[in-house]
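Accompanying notes for the structure given below.
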Amino acid sequence: MAGNSRRHGAVRKAGSKKGPAKGSGGKGKGRLEGRGPTPKAEDRQYHPAAKRKAAGQAKAAGQARTAGQIKAPTGRARPAAVAPSPDWVVGRNPVLEALRAALPSLRLDVAAGIDPDDRVSEAIKLAGDHGVITSQVTRQELDRRVGGAHQGIALKTAAYQYSDPADLLRLAESAAQPPLIVALDHVTDPHNLGAILRSAAAFGAHGVLIPQRRSAQMGPAAWKVSAGAAARIPVAQVGNLATALQAYKQAGLFVVGLDMTGTADAAQISLADSPLVLVVGSEGKGLSRLSRQVCDLTVSIPINAATESLNAAVAGGIVLYEVAKRRRLSQ
């Protein structure tokens with residue numbers, strides 16, 4: 001039975017004492033001190049929860065800095081201005097000009113309580129004529145959507161519908177004049193794109209070809225500068241410009257490159273009355289190596305030695321005029 005001193009092994013050895021066994025931490029002043037309760041996971045330095053917490057705090061701090069709460073003179077905080085999205089046209093004059101140019105649009109937002117001057121009234125009328133929905137919103141909601149400096153009116157534009165390079169060729173072949181297509185070799189300024197569209201439409205081009213990457217794309221800025229020409233002349237996108245130019249050559253078109261180091265004078269383009277692709281080089285580097293290799297001819301515009309070069313849109317307009325003039329003279 002338990003405690004039976006006669007049972008084998010139950011006899012306590014002399015000198016033994018009751019108490020905690022060796023290694024139990026001791027007792028009294030000699031006991032080990034505990035570390036307290038286990039910390040939360042988010043407070044443990046190397047725990048994933050702690051890392052997530054630190055990342056969240058850093059993100060919140062960054063957002064606070066970005067928001068930039070600025071004290072107004074009245075002591076009330078106001079959010080810093082936000083840059084408008086590329087698919088919004090803001091301001092009374094820009095919105096009116098975009099609607100006059102028939103820029104494809106989805107919605108016209110007008111802030112409640114603004115002074116409806118002649119520009120606002122005409123913009124609302126044009127939006128109705130073009131089938132664009134007009135919505136009245138609060139100024140705070142308009143601030144949230146497009147940022148400041150909108151003057152109480154903003155136009156949300158639609159995505160531009162690009163043509164296929166083959167569509168430009170089919171359109172050109174059905175026209176009375178020999179095909180004339182303008183290709184832009186990585187022109188990056190949308191204002192230059194819009195200006196070239198305007199010149200292309202004015203001088204009888206059948207379409208404009210642009211690369212998908214490292215090139216200005218059709219948007220509010222290009223539409224505005226084109227002054228309505230973007231609604232009359234198609235723009236095609238292509239992944240590889242040199243390959244598209246080679247395909248045009250195989251279809252019977254001559255490729256003429258416009259570059260400051262061109263070998264011929266732009267006023268003496270012998271191929272002007274032939275089926276033609278005019279390639280305009282970029283603002284900085286001019287024609288790329290691959291585009292130059294495809295060209296049948298490169299031309300330049302003689303300018304004063306004190307002037308380094310011409311703007312890409314200006315140069316393109318001059319050469320398009322020369323082509324149109326020679327075509328009229330050959331009729």
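When the Cα gyration tensor is reduced to axis lengths a ≥ b ≥ c, the ratio a/c is 1.5 or higher for segment 243-331, and with a/b not above b/c it is classed as oblate. Placing unit charges on each Cβ (+1 for Lys and Arg, -1 for Asp and Glu) gives segment 88-157 a dipole about its Cα centre, and among Gly147, Leu96, Leu126 the Cα reaching farthest toward its positive end belongs to Gly147. Take each peptide in 228-241, 207-220, count the other Cβ atoms within 10 Å of every residue, and average; sorted highest first, the result is 207-220, 228-241. Please report the antiparallel percentage of the DSSP beta bridges confined to segment 165-330, to the nearest 5. Bridges in segment 165-330 are about 5 percent antiparallel. Mean projection of the Cα convex hull over all viewing directions, computed for segment 128-245: 9.1 nm². If you take every DSSP beta bridge whose two residues both sit in segment 88-157, what share of them, in percent to the nearest 5, is antiparallel? Within segment 88-157, antiparallel bridges account for around 60 percent of the total. Computing Rg and the Kirkwood Rh from the Cα coordinates of segment 88-157 gives a ratio, Rg/Rh, of 0.91. Suppose every K and R has +1 on its Cβ and every D and E has -1 on its Cβ; what is the size of the dipole of segment 105-155 about the Cα centre, in Debye to the nearest 20? Around 220 debye, computed over segment 105-155. In segment 88-157, Cα pairs under 8 Å separated by at least six residues give a relative contact order of 55 percent.
Roughly what % antiparallel, to the nearest 5, for the DSSP beta bridges in segment 234-331? Restricted to segment 234-331, the bridges split so that about 10 percent are antiparallel. Exposure proxy for Asp185, Asp164: other Cβ atoms within 10 Å of each Cβ, ordered fewest to most, give Asp164, Asp185. For segment 165-330, the normalised intensity computed at q = 0.11 Å⁻¹ comes to -0.37 (log10 of I(q)/I(0), Debye sum over alpha carbons, equal scatterers, no solvent).
A short reminder: the numbers here are calculations on the coordinates, not readings from a lab. In this text the structure is predicted, and so the values were computed from the model without any measurement. So basically every Cβ, Gly included, is an ideal-geometry build from the backbone, and we count neighbours across all protein chains shown.
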